[in-house]
Amino acid sequence: MNLFRRPAPSLDDLILDAPHELPSESLMPTVARPAQVFVRGQGSWLWDSEDRAYLDFSQGSAANSLGHSPQVLINALADQSQALINPGSGLHNRAQLNLVDRLCQHTGSDQGYLLNSGAEACEAAIKLARKWGQLHRGGAYRIISASTGCHGRSFAAMAASAGAGASRFEPLLPGFSHVPFNDLPALHAAVDAQTVAIMLEPIQSEAGVIPATEHYLKGVERLCRELGILLILDEVQTGIGRCGTLLAEQQYGVRADIVTLGKGLGGGVPLAALLARGKACCFEAGELAGTHHGNALMAAAGVAVLDTVLANGFLQHVRESGLYLGEGLARLAYRYDHGQLRGHGLMWGLTLSDDCADAVVKAALHEGLILNAPQPDCLRFTPALTVSKSNIDEMLLRLARAFARVRTAQLQCRKGIAV
């Protein structure tokens with residue numbers, strides 16, 4: 001027996017060079033992060049503290065809608081910071097009024113409210129729906145959502161999501177039920193006299209980029225109208241041009257009573273919005289507030305992002321780039337025997353042939369490519385809406401090398417070959 005025989009390497013050992021471990025005792029370990037420390041970014045690129053460049057096709061999980069440090073956002077923040085940052089949520093400011101007016105005008109909404117994050121916007125939508133239920137539906141309060149949805153990690157949003165980790169924080173807020181996504185009969189069967197709203201994402205991003213079918217979402221809207229309940233669309237990830245239209249609901253030809261926005265609205269800074277239409281506009285003074293809600297600095301960023309997205313030709317570029325990215329990913333998936341490709345615009349999910357998504361993300365990082373894996377068998381691609389075809393081509397080359405690296409490592413692991 002050879003007592004000095006080296007153990008078979010793990011998949012990570014074979015994929016990666018040994019990373020430089022950085023001290024992290026002071027930072028709560030709430031997110032699994034790689035060792036790199038990033039110091040600057042421009043467009044689709046990030047640079048770490050060792051000045052290595054990375055092509056970023058995650059963009060803060062779709063938050064950086066215009067890419068890293070776009071000049072239009074830098075200018076808006078600089079100009080606004082010299083004039084007024086936060087007069088207080090109890091006072092009007094010009095940027096706040098400007099952004100709310102433009103959002104309502106271009107989405108066909110009647111009222112809007114600015115918040116800090118998508119989770120906050122979803123919490124506010126839940127509050128608004130329950131207030132509406134007291135006024136118009138005899139105190140109804142229950143909200144039905146999809147069992148694989150994700151609406152945030154604060155308590156009401158987490159209860160609406162019922163994600164895998166929610167049980168660690170029980171008891172959750174009551175009044176929520178969950179049914180399978182894209183299943184109209186199950187949804188209809190779940191509605192009762194205490195149901196006030198149905199809350200859905202047009203595309204379930206965290207579940208693996210799973211779009212609602214047009215038949216399903218139109219059926220949900222029709223069901224809400226027939227039963228006299230509200231439709232809430234969580235467009236935190238799909239809104240502000242991500243899917244090739246300002247809102248994803250426009251692609252489906254539906255109209256929600258309440259819409260939540262976040263992520264891409266701020267272009268990388270903390271900004272979200274709650275939009276309401278018709279009778280759903282029922283908040284009164286004192287029922288929704290926050291120290292930084294609607295502050296001038298973040299609202300100015302939102303105006304800059306919205307103006308850019310609405311500029312002539314911008315959404316057409318998103319649609320064309322999205323098709324180009326989808327075609328390239330489909331070719332790569334076929335070459336490496338991976339599975340289904342799903343998405344719209346510049347939001348794509350690629351199902352892999354096995355649960356190797358984390359390994360691919362690590363291998364891609366080794367190749368200078370930043371990706372995200374919402375599920376063990378799925379990669380998610382949410383590049384900047386300004387991404388170029390040359391960026392996409394470079395991403396596909398780096399992803400191909402990552403796939404090859406993982407495949408080689410898997411074969412070596414099966415053979416027990418030490419390196």
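Brief remarks follow.
- Any hit, segment 188-201, residues being assigned by TED's automatic domain parsing to the domain that holds Tyr216, modelled with pLDDT of 95 or more, over 23 Å from Ala248 (Cα atoms) and among the hydroxyl-bearing types (Ser, Thr, Tyr): yes
- Residue check for Ala280: of a type outside the set (D, E, K, R) and either touching a residue at least 24 places away in the same chain (Cβ under 8 Å) or loosely packed, with under 15 Cβ neighbours inside 10 Å (or both): yes
A quick yes/no check of all residues on (1) crowded, with 22+ Cβ neighbours inside 10 Å; (2) touching a strand residue (DSSP E or B) at 6+ places or on another chain (Cβ under 6 Å):
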| residue | (1), (2) |
| --- | --- |
| Gln134 | no, no |
| Gly138 | no, no |
| Ser147 | no, yes |
| Cys150 | yes, no |
| Ser154 | no, no |
| Ala157 | yes, no |
| Ser161 | yes, no |
| Ser167 | no, no |
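- Qualifying residue in segment 110-130 (condition: surrounded by 13 or more Cβ atoms within 10 Å (Cβ to Cβ) and at pLDDT below 95): no
- Among (1) in the same structural domain as Ser109 (by TED's automatic domain parsing); (2) of a type in the set (D, E, K, R); (3) surrounded by fewer than 16 Cβ atoms within 10 Å (Cβ to Cβ) - the single one Glu320 does not satisfy: (1)
- Counting only helices (runs of 4 or more DSSP H) that sit completely within segment 110-207, those holding 2 or more residues that are within 23 Å of Cys378 (Cβ to Cβ) correspond to 118-136, 155-161.
- Note on segment 373-395: residues that are of a type outside the set (Ser, Thr, Tyr), touching a residue at least 60 places away in the same chain (Cβ under 8 Å) and surrounded by fewer than 22 Cβ atoms within 10 Å (Cβ to Cβ) amount to 7.
- Residues in segment 208-242 that are in a loop (DSSP other than H, G, I, E, B), in contact with a Lys or Arg (Cβ under 9 Å, 6 or more places away or on another chain) and buried (at least 20 other Cβ atoms within 10 Å of the Cβ): Gly208, Val209, Ile229, Glu235, Val236, Gln237, Gly239, Ile240, Arg242.
- Any hit, segment 249-256, residues being in a loop (DSSP other than H, G, I, E, B), over 22 Å from Leu323 (Cβ atoms), touching a residue at least 24 places away in the same chain (Cβ under 8 Å) and over 21 Å from the mean Cα position of the chain (by Cα): no
- Of everything listed in (1) surrounded by fewer than 18 Cβ atoms within 10 Å (Cβ to Cβ); (2) on the phi < 0 side of the Ramachandran plot; (3) assigned to a loop (DSSP other than H, G, I, E, B); (4) in contact with a Gly (Cβ under 7 Å, 6 or more places away or on another chain), the single unmet condition for Ile85 is (4).
- Against the criterion of being within 18 Å of Gly60 (Cα to Cα) and either modelled with pLDDT under 95 or assigned by TED's automatic domain parsing to the domain that holds Asn64 (or both), Gly326 does not qualify.
The values are calculated or read from the model by the stated rules, or taken from the named source; none is laboratory data. The structure presented is a predicted model; accordingly, all values stated were derived computationally and were not measured. We place every Cβ from the backbone using ideal geometry, glycine too, and count neighbours over all the protein chains shown.
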